[in-house]
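Here the structure comes first, spelled out in structure tokens, and everything after it is commentary.
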Amino acid sequence: MAQMTGGQAVVQALQREGVECVFGLPGVQIMGIYDAFYGQSDVKLITVRHEQTTTYMADGYARVTGKPGVGLVVPGPGIQNASAALGTAYSCSSPVLLVAGQIESYMLGQDKGALHEINDQLDIVRPVTKWCQRVLNVENIPAAIHEAMRQMQTGRPRPTLVEVPPDVLATIADVTLSTPERYAALSPDQTNIQRAAELLATAQKPLIWAGGGVIVGDASAELQTLAEALGAPVATTPEGKGAIPEDHALALGVGYYGHGAPSYAAPRADVILAVGTRLTGQMRGPTAPRAPQRLIHLDVDASVIGKNYPADIALVGHAKQGLQMLLEAVRTQKATQARWPRQELAEIIRDSEAWVRQQAPLQCEIIGQLQQVLDDDAVVVSGITNVGYWSHFALRVRRPRTYLSASYFATLGFAFPTALGAKVAAPNRQVVSLSGDGGFMYALPELATAVQYGINLVALVFVDGAFGASNNDQRTRYQGRIVGTNIHNPNFVQVAEAFGAKGIRAEPDKLAAALQEAFDANRPTLIEVPVPTMAPPFQIPPRGE
Ligand SMILES: Cc1ncc(C[n+]2csc(CCOP(=O)(O)OP(=O)(O)O)c2C)c(N)n1
Ligand SMILES: [Mg+2]
């Protein structure tokens, strides 16, 4: 027990739980927390230029490290500004704790229009958090932060929020810090594992769909071993990209909106094992599971099983434990010998690559240039931009936690600020964000943050003078009636330089050299790449539709 202010209790509790860095933006109600960062070096404070970035950075940090990321914002508009990023973290099952201010506790619930007041503020974050709580006593601050950590490290990790009024932050009390814990994983029911193993072992053509849950659950090694034991090809969702090295003979790559090698392989499978994926309803056309295919669904979140597609066998548990148990059970079975001939898989991949090259030649050129200079452990944040979508298919990713997408939230503007957080987590690795000219502008002022804190990432900005996906939609679905989708741009190279960052302009076929120059400079760098407006894969109908 020690005497401290509420603000100090927040920072000390975070430190106890292993938090090394907080991404914040100050304001009167949270100055008690800001003050507690003064004169200590255990927890680093990075101040950004818009609240969305606090939470995007916390998310990028969390996804690269696997540890919770923490943001800090004022109430009302602060929380609202952060909420698109909170929703992104929610859709990506990312452990992000947002610490938020409140109005004075004696003003709560009266809707008198206090500074930054939103009456019942927690109600607006409930749909995008797993758990949220108001703390009204200094003594309860460590327990609330501990519970947030527990929520994010058990079951399906999703964002949490703790709010503390300023008078509570200012109060001095005897505070006992909580002891950090390691939490047990959830194992699926052994009887169901046995049934699943029998089904898999007798399958002619088993296929595995690996989603973000494999990566979040650090189950890549188990996934690969089971795939090898079964001779089962592995399809991934964009969120699961990197769950198996994409140069592995059993790796099919990403299936997305009915495209990619999984769209050729999935219809031929007789038994599908889905792991850590909700099997999105966006699995259009040939990628969607359908009868008489048998579906085994393993997920730590029981509510996603059977939500989009009915499951024959439900396995509720963590991916790592579930896959390990399946492997042990499969090894006791007499496995069917004739599985996917290597030749068949090689042909599927060849056909799929040919389709991608034919549909998206310039995007493939750009992604090929990237691939030339990216290390295996480079982190790529794939934004809501044309090259971002095509990189789901065309970029070879070899490690988990190195390819970050926005999942079903598809949050325009997330790539650059999320990459800033990724670079804080991995300062000695290459970190690259892929943004369009529309999306990059959402967080453009954070170039200042990158320069101020020496966050030496590379931001690629694809400049087509348009909200390209919407513009292409008008060209194709609305008979070329272009309205409100062209955009005026600054000279991005000059903008970068005005911020004190490095700016480079590179044609698509010169991108590798520009990227190398950026990595060698080891400074925050923006590379402007002129491109025409191109078709995104989700605007191309899948085969057979
Ligand atoms: C927050 C949010 N607002 C709007 C959209 C809709 N949207 C999806 S893609 C897109 C255009 C993006 O333009 P740009 O960033 O320039 O990328 P491009 O498509 O041109 O490559 C828009 C407006 C979205 N996904 N998210
Ligand atoms: Mg654009």
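Just give me the residues in the stretch 467-503 being basic (K, R) and either exposed (fewer than 14 other Cβ atoms within 10 Å of the Cβ) or under 14 Å from P445 (Cα atoms) (or both), in sequence order.
Of everything in the stretch 467-503, those that are basic (K, R) and either exposed (fewer than 14 other Cβ atoms within 10 Å of the Cβ) or under 14 Å from P445 (Cα atoms) (or both) turn out to be R477, R481.
Any residue that is basic (K, R) and modelled with pLDDT of 95 or more - is there at least one of those in the stretch 332-353?
yes
Suppose the filter is within 16 Å of ligand 2 (Cβ to nearest atom), without any contact (Cβ under 8 Å) to a residue 12 or more places away in the chain and either aromatic (F, W, Y) or within 23 Å of I366 (Cβ to Cβ) (or both); does P508 pass it?
Spelling it out, it is not the case that P508 is within 16 Å of ligand 2 (Cβ to nearest atom), without any contact (Cβ under 8 Å) to a residue 12 or more places away in the chain and either aromatic (F, W, Y) or within 23 Å of I366 (Cβ to Cβ) (or both).
Might you let me know whether the stretch 211-227 holds any residue that is in contact with a Pro (Cβ under 8 Å, 6 or more places away or on another chain) and closer than 19 Å to E344 by Cα?
Yes, that holds for at least one residue.
Tell me, please, whether a residue that is open to solvent by 40 Å² or more (accessible area, probe 1.4 Å) and within 12 Å of ligand 1 (Cβ to nearest atom) can be found in the stretch 433-443.
Yes.
Read through the list (1) part of a loop (DSSP other than H, G, I, E, B); (2) touching a Cys at 6+ places or on another chain (Cβ under 9 Å), then give the number of the only condition that R357 fails.
It is condition (1) that R357 fails.
So in the stretch 407-432, with the set limited to residues that are within 16 Å of ligand 2 (Cβ to nearest atom) and in contact (Cβ under 8 Å) with a residue 60 or more places away in the chain, which one is surrounded by the most Cβ atoms within 10 Å (Cβ to Cβ)?
By that ranking, first place goes to F414.
Looking at the stretch 433-465, which of its residues are more than 15 Å from ligand 2 (Cβ to nearest atom) and assigned to a strand (DSSP E or B)?
V458
Which residues, taken from the stretch 259-317, are basic (K, R) and part of a strand (DSSP E or B)?
Matches in the stretch 259-317: R294 only.
Do we have any residue at all in the stretch 231-245 that's surrounded by fewer than 21 Cβ atoms within 10 Å (Cβ to Cβ) and over 23 Å from the mean Cα position of the chain (by Cα)?
The answer is yes; a qualifying residue exists.
Counting only residues that are surrounded by 22 or more Cβ atoms within 10 Å (Cβ to Cβ) and under 20 Å from the mean Cα position of the chain (by Cα), give me the strands (runs of 3 or more DSSP E) lying completely in the stretch 1-120 with at least 2 of them.
21-24, 69-73, 96-101
Has the stretch 376-393 got any residue that is surrounded by fewer than 24 Cβ atoms within 10 Å (Cβ to Cβ), part of a loop (DSSP other than H, G, I, E, B) and in contact with a strand residue (DSSP E or B) (Cβ under 7 Å, 6 or more places away or on another chain)?
yes
Can you find even one residue in the stretch 526-534 that is in contact with a helix residue (DSSP H, G or I) (Cβ under 9 Å, 6 or more places away or on another chain), of a type in the set (D, E) and modelled with pLDDT of 95 or more?
Scanning the stretch 526-534, I find at least one residue that is in contact with a helix residue (DSSP H, G or I) (Cβ under 9 Å, 6 or more places away or on another chain), of a type in the set (D, E) and modelled with pLDDT of 95 or more, so the answer is yes.
Look through the stretch 293-315, keep the residues that are of a type outside the set (A, V, I, L, M, F, W, C) and free of Cβ contacts under 8 Å to residues at least 12 places away in the same chain, and return whichever of them is surrounded by the most Cβ atoms within 10 Å (Cβ to Cβ).
Result: G306.
If you go through the stretch 256-275, how many residues are under 12 Å from P289 (Cα atoms) and open to solvent by less than 10 Å² (accessible area, probe 1.4 Å)?
Total satisfying the criteria: 10.
Would you please name the residue that is farthest from ligand 1 (Cβ to nearest atom), looking only at residues in the stretch 360-375 that are open to solvent by 40 Å² or more (accessible area, probe 1.4 Å) and in a helix (DSSP H, G or I)?
Selected residue: Q372.
Taking the stretch 145-155, which residues are crowded, with 22+ Cβ neighbours inside 10 Å and in contact (Cβ under 8 Å) with a residue 40 or more places away in the chain?
Selection gives I145, A148, M149, M152.
Consider R543 carefully, then state whether it is open to solvent by 70 Å² or more (accessible area, probe 1.4 Å), touching a residue at least 60 places away in the same chain (Cβ under 8 Å) and basic (K, R).
Here the answer is yes, as R543 does meet what is asked.
Taking A266 and the conditions (1) out of contact with any strand residue (DSSP E or B) (no Cβ under 8 Å at 6 or more places or on another chain); (2) in contact (Cβ under 8 Å) with a residue 24 or more places away in the chain, which numbered condition does it fall short on, given that it satisfies the others?
Looking at each condition in turn, A266 falls short on (1).
So, in the stretch 444-457, of the ones that are among the aliphatic types (A, V, I, L, M) and out of contact with any Phe, Trp or Tyr (no Cβ under 7 Å at 6 or more places or on another chain), which residue ends up most open to solvent (accessible area, probe 1.4 Å)?
L444
Test A469 against the criterion of being near ligand 1 (Cβ under 8 Å from one of its atoms), hydrophobic (A, V, I, L, M, F, W, C) and at pLDDT 95 or above, and give yes or no.
The answer is yes for A469.
Would you be able to say whether some residue in the stretch 401-414 is of a type in the set (S, T, Y), away from ligand 1 (no atom under 16 Å from the Cβ), outside any helix (DSSP H, G or I) and closer than 30 Å to N308 by Cβ?
yes
The values are calculated or read from the model by the stated rules, or taken from the named source; none is laboratory data. As the structure is a computational prediction, the values presented were derived from the model and not from experiment. Every residue, glycine among them, receives a Cβ derived from its backbone with ideal geometry; neighbour counts consider all protein chains shown. Just so you know, the surface numbers come from the protein's heavy atoms only, side chains and all, with ligands and any DNA or RNA stripped out. Shrake-Rupley method; radii C 1.70, N 1.55, O 1.52, S 1.80 Å.
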